[in-house]
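Chemist: Shown below is the structure under consideration.
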Amino acid sequence: MNRLRNRLVLLFVAATLAPVAATVWIAGSLLEHSLSYSTTDQVDALSKALEATGREFYQRSRESLKQDAQAGRLTPRAYTPADLPEAPPALRNFFESGEEERFVLSSDADNRLLYMVRRAGGVSLYHRDLGGVNLARLAEQFRLARQAVEKSRARDLRRGLLCTFGLLAAAVWVVSLAGLVLLAHRVSRPIQQLTGGLARLASGDLSARLPEGRDDEVGRALRAFNHTAAQLEQSRDRLVYLTQLASWQALARKTAHELKNSLTPIRLTMEELLARPGQSDRAFLAQAARIVVEEVESLERRVRAFSEFAAEPPVRPVDLDVNAAVEERVTLLRAAHPGLTYQTRLAVSLPQVRADEDLLKGILTNLLENAAEAAGDSGAVLVLTGVEGAQVFVEVHDSGPGLSEEARQTLFEPTISFKPGGMGLGLSIARKNALLAGGDILLVKGALGGAGFRVLLGAAPAPDYAAHPGR
C-alpha cells in the first residue's frame, strides 16, 4: 500500500478544498446577516427560548428527582452533624439555613442536580446526572448571549462582520499555507538526505549512513540505502582481503618453488653420502647427515605450509549438519588434550549449511587447536552454535589470556604469528576457506575471558517439494 502517496493526496485535497469551503461558507453566512440588525433580534429570541427551555428542563428534573427520592427508588447519602465539616459547602449552607429541602446544581465538571432533604439526625443527599444538558454552562452562555445582544445593538454590525470575515479568511489561508510548507519540508528533507548519502557513496565513502525512523516508502528507501551501503562496505573489505591473499599466495608459490629447487639435490646428496660404506669418520658423517636431513625436513614442512596456503582446492559444497561436525571435531581433539574442559552449547533445530565438508573440518580443527593451546593444560574451551539472520554461526571461546591490540590488528595476515614456533598461516588459511564457503570468520568478545571467534556459514536452501512431488 502506497501510504505516502495516499497521504499526500489527502493532505492536498484537505489543504485546497477546506479553505475554499470555509471561505464560501463564512462569506455567505456573514454577508447575508451583515445587511440588517435582524441577527441581533434572532440571537435575542434564541437566547430567551433557550432560557425558557433550560428552566423547563430544570423544573422537570427537580420533580423527577424528588418523586424518585420519595418513592425510594434512589439511595441517598446520609450526612450526620459530625460529617458536616467534611461535607461540600452547599450541604453545609443548607444545614445551617434551616430549610426542609433544597435543589442545587453541581459544578460544570459533575453536571448533576443535587436534592438535599433534612432528616432526623442529619441530611440526606440525592443526586441525578443531567446527561448532556449542562444547565450551569447553559446559564453562563445565556448570560454571555444577553451581553452580546446589548453590545451589538450599540455598534455598526456591517463593519464588524466585514472585519471578522477578512480576519477569518486570512487566518484560514495562513493555516493552510503553514500546513503545505510543513508537508513540503517533511517530504523534501529525507529526499535531500538520500541524495546527499548517494553522493557520498558515489565518492567512495562506504561508511555513509542515513537516520531512519519513518514507516513509509521514504523510510524503507532510507533503510534500503543503509543496508546497501553496509553490504558494499563488507564486500569491499572482503575484496581487499582476497586481493591481499592473492598477492600472498603468489609470494608463497614463488618461495616454495625456489626452496624445492635447492632442497632436492641437498637431500639426495646427503642420503647418498650416508649410504656409502667404508668411509673414515663415519660417525661424524652420519651425525652431520642426520642434522642436515632434519633441517631439510623442517624446511620441507614450511614449504608444504606455504604450498597449502597458496593452493586453490576445488570447492564441493554439500548440505552439512553443523552440530554433528562440531561434535565430531570436539570428540577427536578431546583425546589429544585430556586436561582441557570442553563445553558445547549446540542450538536445537539448527538448519543445515551449504559448504565444503573438508574446508569446514579444517576451519573447526584450526580454531579448536588454537583455543586449546591458548587455554593451556587445565583450561576450558567453549563451542556454541546458533542462527543469525540467514546465516548459521559457530563460536569457539577459550579461557586463555586473550589477544593484545597488536594481535587483533594483524590477526588474519599471513606470516605474522604470536605463538612460539608458529608461521602465521593457520588463521589466514581458515578465513580463506570460510570465504570460499560463502561465509567469514570474525573476532568476537570471549565468553571465557580469553579469545573468541565466530564462523559464519550460509544456510542451505529449503528443499523444493513442488519440483519433486514424489519425495
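Chemist: Pairs only if they're at least six apart or on different chains, beta carbon under 7 angstrom, first in region 358-378 and touching a residue at least 60 places away in the same chain (Cβ under 8 Å) and in the same structural domain as residue 439 (by TED's automatic domain parsing), second in a helix (DSSP H, G or I) and crowded, with 23+ Cβ neighbours inside 10 Å; list them, first residue then second.
Modeler: Every condition considered, the pairs that remain are 359/433; 362/433; 363/433.
Chemist: Tell me whether region 340-357 contains one or more residues that are assigned to a helix (DSSP H, G or I), within 13 Å of residue 455 (Cβ to Cβ) and touching a Pro at 6+ places or on another chain (Cβ under 9 Å).
Modeler: Going residue by residue through region 340-357, those that are assigned to a helix (DSSP H, G or I) are 357.
If we keep only those that are within 13 Å of residue 455 (Cβ to Cβ) too, we end up with none.
There is no residue in region 340-357 that is assigned to a helix (DSSP H, G or I), within 13 Å of residue 455 (Cβ to Cβ) and touching a Pro at 6+ places or on another chain (Cβ under 9 Å).
Chemist: Same structure again: Just the residues that are under 60 Å from the mean Cα position of the chain (by Cα), exposed (fewer than 12 other Cβ atoms within 10 Å of the Cβ) and charged (D, E, K, R), please, taken from region 55-81.
Modeler: Hit for region 55-81 is 73, nothing else.
Chemist: Let me ask something else. Would you point out the residue of region 331-361, among those that are of a type in the set (A, V, I, L, M) and within 17 Å of residue 379 (Cβ to Cβ), that is surrounded by the fewest Cβ atoms within 10 Å (Cβ to Cβ)? I'd like the intermediate steps shown before the answer.
Modeler: Step one: list which residues in region 331-361 are of a type in the set (A, V, I, L, M), which gives 332-333, 335-336, 340, 346-348, 350, 353, 355, 359-360.
Filter once more, keeping what is within 17 Å of residue 379 (Cβ to Cβ): 333, 335-336, 340.
Values: 333: 18, 335: 7, 336: 10, 340: 20.
The qualifying residue surrounded by the fewest Cβ atoms within 10 Å (Cβ to Cβ) is 335.
Chemist: Still on this structure, I have one more. State yes or no: is residue 52 surrounded by fewer than 11 Cβ atoms within 10 Å (Cβ to Cβ), closer than 30 Å to residue 151 by Cβ and either modelled with pLDDT of 70 or more or touching a Leu at 6+ places or on another chain (Cβ under 8 Å) (or both)?
Modeler: Yes.
Chemist: Shifting gears a bit: State whether one or more residues within region 82-98 are closer than 11 Å to residue 126 by Cα, among the small types (Gly, Ala, Ser), exposed (fewer than 15 other Cβ atoms within 10 Å of the Cβ) and in the same structural domain as residue 120 (by TED's automatic domain parsing).
Modeler: No - not one qualifying residue is present in region 82-98.
Chemist: Could you tell me whether residue 143 is modelled with pLDDT of 70 or more, of a type in the set (Lys, Arg) and outside the structural domain of residue 55 (by TED's automatic domain parsing)?
Modeler: Numbers: modelled with pLDDT of 70 or more: yes; of a type in the set (Lys, Arg): yes; outside the structural domain of residue 55 (by TED's automatic domain parsing): no.
Answer is no for this residue.
Chemist: Additional query: Which ones in region 349-369 are polar (S, T, N, Q) and in contact with a strand residue (DSSP E or B) (Cβ under 8 Å, 6 or more places away or on another chain)?
Modeler: Result: 352, single match.
Chemist: Quick one: residue 384 ticks every box in (1) at pLDDT 90 or above; (2) of a type in the set (A, V, I, L, M); (3) more than 25 Å from residue 412 (Cα to Cα); (4) not in a helix (DSSP H, G or I) bar one, so which box is it?
Modeler: (3)
Chemist: Do we find that residue 138 is assigned to a helix (DSSP H, G or I) and modelled with pLDDT of 75 or more in this structure?
Modeler: no
Chemist: What are the pairs with Cβ atoms under 7 angstrom where one residue, in region 340-356, is at negative phi and touching a residue at least 60 places away in the same chain (Cβ under 8 Å) and the other, located anywhere, is in a strand (DSSP E or B) and of a type in the set (Gly, Ala, Ser)? Sequence gap at least six, or different chains.
Modeler: Close Cβ pairs satisfying both conditions: 351/459; 353/458; 353/459; 354/458.
Chemist: Return the pair list, or none, for Cβ contacts closer than 6 Å from residues in region 61-76 that are closer than 18 Å to residue 111 by Cβ to residues that are in a helix (DSSP H, G or I), at least 6 apart or on different chains.
Modeler: Short answer, once both residue conditions are applied: 74/68.
The values are calculated or read from the model by the stated rules, or taken from the named source; none is laboratory data. These numbers were taken from a predicted model, which means no experiment stands behind them. Note that each Cβ is placed from the backbone with ideal geometry, even for glycine, and that neighbours are counted across all protein chains shown.
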